[in-house]
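Comments concern the structure below.
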Amino acid sequence: MMDPKTERDTIRRAQQGDRDAIAELIKSYQRPLEAFLFRLCGKSDLAEDIAQESFVRVIKSLDRFDERFRFSTWLFTIGKRLLVNYHQKMRPIANSEMVQYRADSTNTPYAAVEGVERGERISNMISIALDALVSPQREIVLLFHQQGWPVERISKELKMPEGTVKSHLFRARRRMLTAIELSGVPTPSEVFQ
Amino acid sequence: MSVWENDESDANAPRGRGEFSMRAQRMLVRVLLALRGEAKRSPDSDRDNRYDSLRAEALADRIMLEFPRRVLPLGLAALAALVIFCSLPLVRDAIGQGPVIVANTTMTNAVESGLRQRGSEMSDGIEALKAIVVPFTSDDAPLETPAPIPPFEATAPFKSS
(Lines give C-alpha, C1' and ligand atoms only; values in the text may rest on other atoms or scores of the structure.)
Protein backbone atom coordinates (compact mmCIF):
# COMPACT_ATOMS: atom_id res chain seq x y z
CA MET A 1 0.00 0.00 0.00
CA MET A 2 1.23 3.49 -0.77
CA ASP A 3 1.14 6.44 1.54
CA PRO A 4 -1.33 9.14 0.45
CA LYS A 5 1.32 11.54 -0.93
CA THR A 6 3.09 8.91 -3.02
CA GLU A 7 -0.28 7.66 -4.16
CA ARG A 8 -1.31 11.16 -5.33
CA ASP A 9 1.97 11.68 -7.20
CA THR A 10 1.71 8.27 -8.84
CA ILE A 11 -1.88 8.92 -9.88
CA ARG A 12 -0.91 12.27 -11.46
CA ARG A 13 1.83 10.55 -13.42
CA ALA A 14 -0.57 7.80 -14.45
CA GLN A 15 -3.10 10.41 -15.60
CA GLN A 16 -0.49 11.70 -18.03
CA GLY A 17 -0.04 8.23 -19.45
CA ASP A 18 3.08 7.22 -17.54
CA ARG A 19 3.19 3.45 -17.98
CA ASP A 20 5.49 2.89 -14.99
CA ALA A 21 3.12 4.79 -12.71
CA ILE A 22 0.24 2.64 -13.90
CA ALA A 23 2.28 -0.49 -13.21
CA GLU A 24 3.15 0.83 -9.73
CA LEU A 25 -0.51 1.41 -8.92
CA ILE A 26 -1.45 -2.06 -10.11
CA LYS A 27 1.40 -3.68 -8.22
CA SER A 28 0.49 -1.90 -5.01
CA TYR A 29 -3.17 -2.79 -5.01
CA GLN A 30 -3.62 -6.00 -6.99
CA ARG A 31 -2.91 -8.35 -4.10
CA PRO A 32 -5.19 -6.60 -1.56
CA LEU A 33 -7.96 -6.29 -4.12
CA GLU A 34 -7.69 -9.89 -5.25
CA ALA A 35 -7.65 -11.10 -1.66
CA PHE A 36 -10.73 -9.02 -0.89
CA LEU A 37 -12.61 -10.25 -3.95
CA PHE A 38 -11.49 -13.83 -3.40
CA ARG A 39 -12.91 -13.84 0.12
CA LEU A 40 -16.14 -12.29 -1.15
CA CYS A 41 -16.71 -14.74 -4.00
CA GLY A 42 -14.58 -17.74 -3.01
CA LYS A 43 -13.09 -18.25 -6.49
CA SER A 44 -9.52 -17.19 -7.11
CA ASP A 45 -9.86 -17.12 -10.93
CA LEU A 46 -12.95 -14.97 -10.75
CA ALA A 47 -11.32 -12.68 -8.19
CA GLU A 48 -8.31 -12.28 -10.47
CA ASP A 49 -10.45 -11.51 -13.52
CA ILE A 50 -12.57 -8.97 -11.70
CA ALA A 51 -9.52 -7.34 -10.14
CA GLN A 52 -7.99 -6.90 -13.60
CA GLU A 53 -11.21 -5.49 -14.99
CA SER A 54 -11.40 -3.11 -12.03
CA PHE A 55 -7.91 -1.81 -12.76
CA VAL A 56 -8.72 -1.34 -16.43
CA ARG A 57 -11.85 0.65 -15.67
CA VAL A 58 -10.32 2.74 -12.91
CA ILE A 59 -7.16 3.64 -14.82
CA LYS A 60 -9.07 4.47 -17.99
CA SER A 61 -11.13 6.98 -16.07
CA LEU A 62 -8.33 8.34 -13.90
CA ASP A 63 -8.98 11.86 -15.19
CA ARG A 64 -12.25 11.79 -13.26
CA PHE A 65 -10.53 10.78 -10.01
CA ASP A 66 -11.22 13.11 -7.09
CA GLU A 67 -8.02 13.59 -5.12
CA ARG A 68 -9.91 14.11 -1.88
CA PHE A 69 -10.60 10.38 -1.75
CA ARG A 70 -8.27 7.42 -1.51
CA PHE A 71 -7.52 5.52 -4.68
CA SER A 72 -8.00 2.20 -2.92
CA THR A 73 -11.50 3.18 -1.80
CA TRP A 74 -12.48 3.91 -5.38
CA LEU A 75 -10.81 0.74 -6.66
CA PHE A 76 -12.46 -1.49 -4.08
CA THR A 77 -15.86 0.07 -4.77
CA ILE A 78 -15.49 -0.62 -8.49
CA GLY A 79 -14.31 -4.16 -7.77
CA LYS A 80 -17.22 -4.85 -5.47
CA ARG A 81 -19.73 -3.46 -7.99
CA LEU A 82 -18.24 -5.59 -10.77
CA LEU A 83 -18.54 -8.65 -8.58
CA VAL A 84 -22.15 -7.83 -7.75
CA ASN A 85 -22.87 -7.31 -11.45
CA TYR A 86 -21.23 -10.63 -12.22
CA HIS A 87 -23.36 -12.45 -9.70
CA GLN A 88 -26.47 -10.73 -11.04
CA LYS A 89 -25.76 -11.51 -14.67
CA MET A 90 -23.79 -14.72 -14.10
CA ARG A 91 -21.59 -14.18 -17.08
CA PRO A 92 -17.87 -13.46 -17.35
CA ILE A 93 -17.20 -9.74 -17.46
CA ALA A 94 -13.49 -9.73 -18.05
CA ASN A 95 -12.12 -9.37 -21.52
CA SER A 96 -10.43 -12.60 -22.52
CA GLU A 97 -7.46 -10.61 -23.85
CA MET A 98 -6.98 -9.03 -20.49
CA VAL A 99 -6.68 -12.35 -18.74
CA GLN A 100 -4.55 -13.93 -21.40
CA TYR A 101 -1.52 -13.61 -19.18
CA ARG A 102 -1.98 -15.91 -16.28
CA ALA A 103 0.48 -18.30 -14.83
CA ASP A 104 -0.56 -21.85 -14.24
CA SER A 105 -2.45 -22.57 -11.07
CA THR A 106 0.56 -23.89 -9.23
CA ASN A 107 2.19 -20.47 -9.51
CA THR A 108 -0.55 -18.45 -7.83
CA PRO A 109 0.13 -16.97 -4.41
CA TYR A 110 -2.85 -18.82 -3.02
CA ALA A 111 -1.47 -22.10 -4.27
CA ALA A 112 1.89 -21.26 -2.75
CA VAL A 113 0.25 -20.74 0.62
CA GLU A 114 -2.15 -23.57 0.30
CA GLY A 115 0.57 -25.95 -0.67
CA VAL A 116 1.55 -26.18 2.95
CA GLU A 117 -0.66 -28.33 5.14
CA ARG A 118 -0.96 -25.73 7.83
CA GLY A 119 -1.89 -23.14 5.28
CA GLU A 120 -4.62 -25.42 4.00
CA ARG A 121 -6.10 -25.87 7.42
CA ILE A 122 -6.03 -22.19 8.21
CA SER A 123 -7.47 -21.43 4.80
CA ASN A 124 -10.29 -23.90 5.39
CA MET A 125 -10.94 -22.33 8.73
CA ILE A 126 -11.07 -18.86 7.15
CA SER A 127 -13.66 -20.12 4.68
CA ILE A 128 -15.70 -21.72 7.46
CA ALA A 129 -15.57 -18.55 9.53
CA LEU A 130 -16.42 -16.21 6.64
CA ASP A 131 -19.20 -18.44 5.35
CA ALA A 132 -20.97 -17.88 8.62
CA LEU A 133 -21.25 -14.17 7.90
CA VAL A 134 -24.06 -12.38 6.13
CA SER A 135 -23.49 -9.78 3.45
CA PRO A 136 -22.60 -6.51 5.23
CA GLN A 137 -20.74 -8.30 8.04
CA ARG A 138 -18.55 -10.21 5.64
CA GLU A 139 -17.55 -7.07 3.82
CA ILE A 140 -16.93 -5.17 7.03
CA VAL A 141 -14.78 -7.98 8.43
CA LEU A 142 -12.76 -8.13 5.24
CA LEU A 143 -12.25 -4.36 5.07
CA PHE A 144 -11.32 -4.16 8.76
CA HIS A 145 -9.32 -7.34 9.35
CA GLN A 146 -8.01 -8.14 5.89
CA GLN A 147 -7.47 -4.67 4.42
CA GLY A 148 -6.75 -2.91 7.70
CA TRP A 149 -9.14 -0.05 7.05
CA PRO A 150 -10.12 1.94 10.14
CA VAL A 151 -13.75 1.94 11.27
CA GLU A 152 -14.16 5.57 10.24
CA ARG A 153 -13.18 4.83 6.65
CA ILE A 154 -15.43 1.79 6.47
CA SER A 155 -18.36 3.80 7.79
CA LYS A 156 -17.80 6.43 5.08
CA GLU A 157 -17.41 3.85 2.35
CA LEU A 158 -20.49 1.86 3.35
CA LYS A 159 -22.41 5.00 4.36
CA MET A 160 -23.35 3.74 7.79
CA PRO A 161 -22.64 5.14 11.28
CA GLU A 162 -19.41 4.11 12.98
CA GLY A 163 -21.41 2.53 15.80
CA THR A 164 -23.17 0.28 13.32
CA VAL A 165 -19.86 -0.79 11.83
CA LYS A 166 -18.51 -1.64 15.30
CA SER A 167 -21.68 -3.52 16.10
CA HIS A 168 -21.40 -5.52 12.88
CA LEU A 169 -17.77 -6.33 13.70
CA PHE A 170 -18.70 -7.53 17.17
CA ARG A 171 -21.52 -9.72 15.89
CA ALA A 172 -19.40 -11.01 13.03
CA ARG A 173 -16.67 -12.17 15.43
CA ARG A 174 -19.22 -14.04 17.51
CA ARG A 175 -20.66 -15.71 14.43
CA MET A 176 -17.19 -16.71 13.30
CA LEU A 177 -16.38 -18.09 16.72
CA THR A 178 -19.56 -20.12 16.67
CA ALA A 179 -18.73 -21.48 13.25
CA ILE A 180 -15.20 -22.39 14.32
CA GLU A 181 -16.49 -24.03 17.47
CA LEU A 182 -19.07 -26.07 15.54
CA SER A 183 -16.57 -27.14 12.92
CA GLY A 184 -14.44 -28.84 15.55
CA VAL A 185 -11.36 -26.83 16.23
CA PRO A 186 -8.12 -28.70 15.53
CA THR A 187 -5.61 -28.90 18.33
CA PRO A 188 -2.65 -26.50 18.21
CA SER A 189 -0.34 -29.36 17.34
CA GLU A 190 -2.55 -30.20 14.37
CA VAL A 191 -2.61 -26.63 13.25
CA PHE A 192 1.10 -25.91 13.60
CA GLN A 193 2.48 -29.28 12.63
CA MET B 1 2.65 -19.52 24.90
CA SER B 2 2.68 -20.88 28.40
CA VAL B 3 -1.05 -20.12 28.74
CA TRP B 4 -1.61 -22.02 25.52
CA GLU B 5 0.07 -25.10 26.96
CA ASN B 6 -1.59 -24.90 30.35
CA ASP B 7 -5.21 -24.80 29.31
CA GLU B 8 -4.92 -27.29 26.49
CA SER B 9 -6.67 -29.95 28.53
CA ASP B 10 -10.02 -28.19 28.59
CA ALA B 11 -9.48 -25.80 25.73
CA ASN B 12 -12.33 -27.28 23.72
CA ALA B 13 -14.86 -26.82 26.47
CA PRO B 14 -17.24 -23.92 25.96
CA ARG B 15 -17.29 -21.41 28.83
CA GLY B 16 -21.04 -21.28 29.14
CA ARG B 17 -23.77 -19.53 27.26
CA GLY B 18 -22.46 -16.90 24.87
CA GLU B 19 -18.85 -17.79 25.56
CA PHE B 20 -16.39 -19.72 23.48
CA SER B 21 -13.52 -22.04 24.18
CA MET B 22 -10.06 -20.57 24.39
CA ARG B 23 -9.01 -22.77 21.53
CA ALA B 24 -11.75 -21.38 19.30
CA GLN B 25 -10.80 -17.86 20.26
CA ARG B 26 -7.18 -18.53 19.47
CA MET B 27 -8.19 -20.07 16.18
CA LEU B 28 -10.20 -16.96 15.37
CA VAL B 29 -7.11 -14.82 16.04
CA ARG B 30 -5.11 -17.09 13.73
CA VAL B 31 -7.84 -16.82 11.10
CA LEU B 32 -7.90 -13.04 11.28
CA LEU B 33 -4.10 -12.82 11.14
CA ALA B 34 -4.02 -15.13 8.15
CA LEU B 35 -6.73 -13.02 6.56
CA ARG B 36 -4.59 -9.95 7.06
CA GLY B 37 -1.58 -11.73 5.59
CA GLU B 38 -3.50 -12.41 2.38
CA ALA B 39 -3.65 -8.72 1.53
CA LYS B 40 0.01 -8.06 2.29
CA ARG B 41 2.89 -8.70 0.00
CA SER B 42 5.24 -11.03 1.78
CA PRO B 43 8.68 -9.37 1.88
CA ASP B 44 10.43 -12.75 2.05
CA SER B 45 8.86 -14.32 -0.96
CA ASP B 46 10.78 -13.21 -4.02
CA ARG B 47 8.75 -15.59 -6.10
CA ASP B 48 5.46 -13.98 -5.13
CA ASN B 49 6.87 -10.50 -5.66
CA ARG B 50 8.21 -11.41 -9.07
CA TYR B 51 4.86 -12.94 -9.96
CA ASP B 52 3.02 -9.81 -8.83
CA SER B 53 5.43 -7.57 -10.75
CA LEU B 54 5.02 -9.57 -13.94
CA ARG B 55 1.27 -9.46 -13.73
CA ALA B 56 1.29 -5.72 -12.97
CA GLU B 57 3.63 -4.99 -15.89
CA ALA B 58 1.55 -7.12 -18.26
CA LEU B 59 -1.67 -5.42 -17.23
CA ALA B 60 -0.07 -1.96 -17.48
CA ASP B 61 1.08 -2.78 -21.02
CA ARG B 62 -2.42 -3.85 -21.98
CA ILE B 63 -3.92 -0.70 -20.53
CA MET B 64 -1.30 1.43 -22.30
CA LEU B 65 -2.32 -0.12 -25.62
CA GLU B 66 -5.73 1.44 -25.17
CA PHE B 67 -4.43 4.67 -23.64
CA PRO B 68 -3.42 6.36 -26.95
CA ARG B 69 -6.89 5.78 -28.36
CA ARG B 70 -8.24 7.94 -25.59
CA VAL B 71 -5.50 10.56 -25.86
CA LEU B 72 -5.54 10.78 -29.68
CA PRO B 73 -8.83 12.69 -30.09
CA LEU B 74 -7.68 15.20 -27.48
CA GLY B 75 -4.36 15.63 -29.29
CA LEU B 76 -6.10 16.10 -32.62
CA ALA B 77 -8.45 18.65 -31.11
CA ALA B 78 -5.50 20.53 -29.60
CA LEU B 79 -3.68 20.46 -32.96
CA ALA B 80 -6.75 21.76 -34.79
CA ALA B 81 -7.11 24.57 -32.24
CA LEU B 82 -3.44 25.48 -32.72
CA VAL B 83 -3.78 25.55 -36.51
CA ILE B 84 -6.86 27.76 -36.28
CA PHE B 85 -5.13 30.07 -33.83
CA CYS B 86 -2.05 30.40 -36.03
CA SER B 87 -4.04 31.00 -39.19
CA LEU B 88 -6.23 33.69 -37.61
CA PRO B 89 -4.08 36.64 -38.85
CA LEU B 90 -4.22 35.29 -42.41
CA VAL B 91 -7.95 34.83 -42.19
CA ARG B 92 -8.35 38.34 -40.78
CA ASP B 93 -6.30 39.77 -43.65
CA ALA B 94 -8.28 37.84 -46.18
CA ILE B 95 -11.68 38.81 -44.80
CA GLY B 96 -11.58 41.80 -42.51
CA GLN B 97 -8.70 43.84 -44.06
CA GLY B 98 -9.61 43.37 -47.77
CA PRO B 99 -10.31 47.09 -48.70
CA VAL B 100 -7.12 48.19 -46.99
CA ILE B 101 -5.11 45.84 -49.19
CA VAL B 102 -6.84 47.20 -52.31
CA ALA B 103 -6.13 50.77 -51.19
CA ASN B 104 -2.50 49.90 -50.54
CA THR B 105 -2.16 48.32 -53.95
CA THR B 106 -3.68 51.36 -55.65
CA MET B 107 -1.32 53.70 -53.80
CA THR B 108 1.65 51.55 -54.73
CA ASN B 109 0.65 51.55 -58.37
CA ALA B 110 0.20 55.34 -58.34
CA VAL B 111 3.62 55.92 -56.80
CA GLU B 112 5.23 53.49 -59.20
CA SER B 113 3.64 55.10 -62.28
CA GLY B 114 4.57 58.54 -60.91
CA LEU B 115 8.18 57.50 -60.56
CA ARG B 116 8.21 56.04 -64.06
CA GLN B 117 6.73 59.28 -65.45
CA ARG B 118 9.31 61.37 -63.56
CA GLY B 119 12.05 59.06 -64.86
CA SER B 120 10.92 59.48 -68.43
CA GLU B 121 10.76 63.29 -67.94
CA MET B 122 14.30 63.26 -66.57
CA SER B 123 15.53 61.19 -69.48
CA ASP B 124 13.81 63.66 -71.83
CA GLY B 125 15.66 66.54 -70.09
CA ILE B 126 18.96 64.77 -70.49
CA GLU B 127 18.24 64.25 -74.17
CA ALA B 128 17.46 67.98 -74.50
CA LEU B 129 20.72 68.91 -72.79
CA LYS B 130 22.63 66.53 -75.00
CA ALA B 131 21.02 68.14 -78.07
CA ILE B 132 22.30 71.58 -76.92
CA VAL B 133 25.78 70.34 -76.09
CA VAL B 134 26.35 68.15 -79.15
CA PRO B 135 27.20 71.00 -81.65
CA PHE B 136 30.05 72.21 -79.38
CA THR B 137 31.48 68.77 -78.93
CA SER B 138 31.58 67.85 -82.58
CA ASP B 139 34.86 66.87 -84.29
CA ASP B 140 34.81 70.02 -86.52
CA ALA B 141 35.24 72.41 -83.65
CA PRO B 142 36.97 70.61 -80.95
CA LEU B 143 36.82 72.11 -77.55
CA GLU B 144 40.06 73.75 -76.36
CA THR B 145 41.53 71.74 -73.61
CA PRO B 146 43.96 73.56 -71.27
CA ALA B 147 47.57 72.50 -71.62
CA PRO B 148 48.67 70.26 -68.79
CA ILE B 149 50.79 72.08 -66.22
CA PRO B 150 53.83 70.20 -65.00
CA PRO B 151 53.43 69.28 -61.40
CA PHE B 152 56.51 71.11 -60.12
CA GLU B 153 55.28 74.41 -61.76
CA ALA B 154 51.85 74.04 -60.44
CA THR B 155 53.08 73.59 -56.91
CA ALA B 156 56.09 75.99 -56.92
CA PRO B 157 55.39 79.38 -55.27
CA PHE B 158 58.00 81.23 -57.41
CA LYS B 159 59.14 80.92 -60.93
CA SER B 160 62.45 79.22 -61.31
CA SER B 161 65.22 81.58 -62.30
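The values are calculated or read from the model by the stated rules, or taken from the named source; none is laboratory data. This structure is a prediction, so every number in the text was calculated from the model and none was measured. Glycine also receives a Cβ, built like all others from the backbone with ideal geometry; neighbour counts cover every protein chain displayed. When the accessible area is computed, the model is the full protein with side chains, heavy atoms only, and any ligands, DNA or RNA have been set aside. Shrake-Rupley method; radii C 1.70, N 1.55, O 1.52, S 1.80 Å.
Restricting region B:1-21 to residues that are open to solvent by less than 70 Å² (accessible area, probe 1.4 Å), within 16 Å of A:LEU182 (Cβ to Cβ) and more than 7 Å from chain A (Cβ to nearest Cβ) leaves a set whose member that is modelled with the highest pLDDT is B:GLY18.
All conditions but one from (1) within 13 Å of another protein chain (Cβ to nearest Cβ); (2) surrounded by 15 or more Cβ atoms within 10 Å (Cβ to Cβ); (3) acidic (Asp, Glu) apply to A:GLU7; the one that does not is (1). Look through region A:33-47, keep the residues that are within 12 Å of chain B (Cβ to nearest Cβ) and in contact with a Phe, Trp or Tyr (Cβ under 8 Å, 6 or more places away or on another chain), and return whichever of them is modelled with the lowest pLDDT. The extreme case among them is A:SER44. Taking (1) more than 7 Å from chain A (Cβ to nearest Cβ); (2) over 24 Å from A:LEU177 (Cα atoms); (3) modelled with pLDDT of 70 or more; (4) open to solvent by 40 Å² or more (accessible area, probe 1.4 Å) in turn, B:SER87 satisfies each apart from (4). A search for C-beta distances below 9 Å between a residue of region B:22-36 that is within 14 Å of A:GLY148 (Cα to Cα) and any residue that is open to solvent by 30 Å² or more (accessible area, probe 1.4 Å) and among the hydrophobic types (A, V, I, L, M, F, W, C), counting only pairs 6+ apart in sequence or on different chains, returns B:ALA34/A:VAL113. Only helices (runs of 4 or more DSSP H) whose full extent lies in region A:90-193 are considered here, and the ones with at least 3 residues that are open to solvent by less than 80 Å² (accessible area, probe 1.4 Å) and modelled with pLDDT of 55 or more are A:117-131, A:135-141, A:151-158, A:162-183. Residues in region A:31-52 include at least one that is exposed (fewer than 13 other Cβ atoms within 10 Å of the Cβ), outside the structural domain of A:SER127 (by TED's automatic domain parsing) and closer than 23 Å to A:GLU157 by Cβ.
Filtering region A:13-31 to residues that are within 7 Å of another protein chain (Cβ to nearest Cβ), in contact with a Leu (Cβ under 9 Å, 6 or more places away or on another chain) and in contact (Cβ under 8 Å) with a residue 12 or more places away in the chain leaves A:ILE22, A:ILE26, A:GLN30.
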